[in-house]
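No lab work stands behind these numbers, since they all come straight from the coordinates. Quick caveat: nothing in here was measured; it's all calculated off a predicted structure. Using ideal geometry, Cβ is built from the backbone for each residue, glycine included, and neighbour counts are taken over all protein chains shown.
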Amino acid sequence: MKIDAHQHFWKYNEKEYSWISEDMSALKQDFLPEDLKELLNTLSFNGSVVVQARQSLEETSWLLRLAEQFDFIKGVVGWVDLYSPNVIEQLKEFTNSPYFKGVRHVIHDEANEQFMLREDFQRGIASLQEFNLTYDLLLFPNHIPYAIELVKKFPNQLFVLDHIAKPDIKNRIFSSWTENLTGLAEYENVYVKVSGLVTEADWKNWRKEDFKEYLDVVFNAFGPERIMIGSDWPVCTVSNNYFKVMEIVLDYVDQYVIEYESLILGENCARFYSISS
């Protein structure tokens with residue numbers, strides 16, 4: 001089974017998607033399951049994991065309803081208010097759906113760089129284990145040291161690092177990102193998504209070679225058993241089309257034996273998110 005481990009859906013409106021700036025105007029439209037299904041089929045991918053794009057309980061409910069309607073949606077990574085005293089009730093409601101696989105919070109938009117170390121937030125993280133839910137880490141490189149502190153405290157919680165922590169690919173910056181990412185990878189309960197690469201590069205002028213050194217770091221640190229491919233569609237389309245974006249990683253994993261390739265292209269994602277079919 002081949003799975004795109006990271007994509008989004010939305011019905012665009014300016015108020016709720018204020019992060020979509022004018023230079024991302026191509027994203028100011030609806031992106032829905034019908035739009036992605038054909039792209040997945042063309043690449044012979046069996047499905048995808050849809051990830052929250054808004055921090056609202058309403059969106060989580062909407063994504064779960066979409067998963068009920070479209071069988072290629074294999075799982076939902078939604079949002080709950082992890083620092084709320086009512087987080088358990090929210091999790092109980094959403095785990096009524098078999099498609100609810102994990103939770104994400106937009107850490108990198110929080111003013112407090114150490115937000116994930118807040119006591120109330122960590123109480124929320126602790127509650128995920130009771131429901132067998134995963135947690136997606138959405139970070140910038142400067143947040144990785146705090147992520148290491150977090151995962152140390154929760155050795156039985158599964159985490160996955162989104163977008164390889166968004167290193168500055170455009171300006172070819174490796175320092176601190178390489179060392180910190182390697183440190184995070186030492187924890188066996190942490191996986192990584194090779195996704196979102198093109199949005200950190202020079203959008204219209206990148207070459208596949210621009211990503212090789214970054215991918216080398218990630219693959220050396222995590223190994224093929226904890227890496228999953230993701231498109232970050234439709235956000236990636238500000239730079240290039242779905243096929244060109246996926247091709248970056250598809251071509252890179254060609255160097256691996258078929259067993260490792262199948263892990264990266266779907267089996268790791270299925271294991272991590274408990275996807276059976």
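Quick notes on this structure:
- Filtered residues of segment 20-54 (kept if surrounded by fewer than 15 Cβ atoms within 10 Å (Cβ to Cβ) and without any contact (Cβ under 8 Å) to a residue 60 or more places away in the chain): SER21, GLU22, SER25, LYS28, GLN29, ASP30, LEU32, GLU34, GLU38, ASN41, SER44
- Taking segment 137-157 as the range and being outside any helix (DSSP H, G or I) and out of contact with any Phe, Trp or Tyr (no Cβ under 7 Å at 6 or more places or on another chain) as the test, the residues that pass are LEU138, LEU139, PHE140, PHE154, PRO155, ASN156.
- Put simply, of VAL218, VAL245, VAL257, VAL249 the only residue that is of a type in the set (Val, Ile, Thr), over 17 Å from the mean Cα position of the chain (by Cα) and on the phi < 0 side of the Ramachandran plot is VAL257.
- Of the helices (runs of 4 or more DSSP H) lying entirely inside segment 191-273, those containing at least 3 residues that are crowded, with 17+ Cβ neighbours inside 10 Å span 209-222, 242-253, 268-272.
- Every residue from segment 257-267 that is in contact with a Pro (Cβ under 8 Å, 6 or more places away or on another chain) and closer than 20 Å to VAL51 by Cα: ILE264
- Scanning segment 112-136 for residues that are more than 22 Å from GLU59 (Cβ to Cβ) and either part of a helix (DSSP H, G or I) or among the aliphatic types (A, V, I, L, M) (or both) returns LEU117, GLU119, GLN122, ARG123, ALA126, GLN129, GLU130.
- Output for segment 84-111, where each listed residue is touching a residue at least 40 places away in the same chain (Cβ under 8 Å) and part of a loop (DSSP other than H, G, I, E, B): SER84, VAL106
- Any hit, segment 57-77, residues being touching a residue at least 40 places away in the same chain (Cβ under 8 Å), in contact with a helix residue (DSSP H, G or I) (Cβ under 8 Å, 6 or more places away or on another chain) and surrounded by fewer than 18 Cβ atoms within 10 Å (Cβ to Cβ): yes
- Criterion violated by LYS193 - all others in (1) more than 15 Å from the chain's Cα centre (by Cα); (2) closer than 26 Å to TYR146 by Cβ; (3) among the basic types (Lys, Arg) satisfied: (1)
- Scanning segment 2-53 for residues that are among the aromatic types (Phe, Trp, Tyr) and farther than 23 Å from ILE227 by Cβ returns PHE9, TRP10, TYR12, TYR17, TRP19, PHE31.
- First in segment 199-222 and within 20 Å of ASP254 (Cα to Cα), second anywhere and of a type in the set (Ser, Thr, Tyr) and in a helix (DSSP H, G or I), Cβ under 7 Å, 6 or more apart: LEU215/TYR252; VAL217/THR178; ALA221/THR182
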